[in-house]
Every structure is written in C-alpha cells, then in structure tokens.
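Peer 1: Quick one: structure below, then a few questions.
No value in this document is a laboratory result; all are computed from the given coordinates. Just so we're clear, the structure is a prediction, and the values are computed from it rather than from any experiment.
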Amino acid sequence: MTTHQNHKITVCTSCRHKGTDCRPGFELIEKLRAAIAAAGDTISEDFEISGVACMAGCDRPCTVAYHGSRKATYLFGDVDPTVDINDLVTFAQQYAYLHDGWCSSVDRPGKLRKSTLARVPSYIIALQASDVRAS
C-alpha cells in the first residue's frame, strides 16, 4: 500500500528586486508550474504550486518554500525565475522521495546548496491522556 504525500511549493509574490517594481514571484510560479508539468512521471508525487504575499525573505528575493506532510520545510532565497527552474524541479524530484524531507546542503541541487534560508523540522502533535487539568 502506498501512502500519498501532500507536497506544496509556495512562492513569494511580493518580493521585489531592490530599486525596481519587478516582482519575480508571478513569473516564477508560471515557469515552475510548466516545468513541473513537463517533468511528468519523473516526479513521483503531485506538487501544488501557489503564491503567498510574503515569507519575510525580502532581502533575498525571490523566496520559495517546499512543504510536505510530516516533512521538513525548506525556504530558499535569491531564486531567479530565468536561471533556477531546473534546480527547483530537481529538488522537487528529490524532496518527493525524502521520507522526512531531511537532506544536507551538499545533496541539494545547484544554487539551492547555498541559498537555503531555513530548514524547519516537521512537527507531530502527540496527544496523551492525562489526569492533569490545564488551568
């Protein structure tokens, strides 16, 4: 029995290159959707790709996050829609196979080795029966 993972790639749509009105997030979303679709079966899981108003990576536009069920989340900065699409697709292929999402920087493709802003461990909320009452 295979379990289906929920994977998501989130792109900041408000990031701007300093001194310009250019917001590369919208272009990146379009290019990434096309590249993931073109990759077809080489990516074992589906990735939902969407934008969000801000991920607080303003000094490192454009920022991109990878999320997965019970997996570490990654936030990358300095992503260029015209140059870094192949690295983003390659990481999606890799991330889909990582059981817990954890990989070292040397395992990440190309520029993503050095442009990681954060790796946030997954969390599992454990509920235990307790006789202690919360106040």
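Peer 1: Starting from the alpha-carbon convex hull of the range 6-45, give the projected area averaged over all orientations, in nm².
Peer 2: 3.3
Peer 1: Let me ask something additional. 5 Å is the cut-off here: which amide hydrogens, built 1.01 Å from N in the peptide plane, fall below it relative to residue 7, excluding neighbours closer than 5 in sequence?
Peer 2: 48
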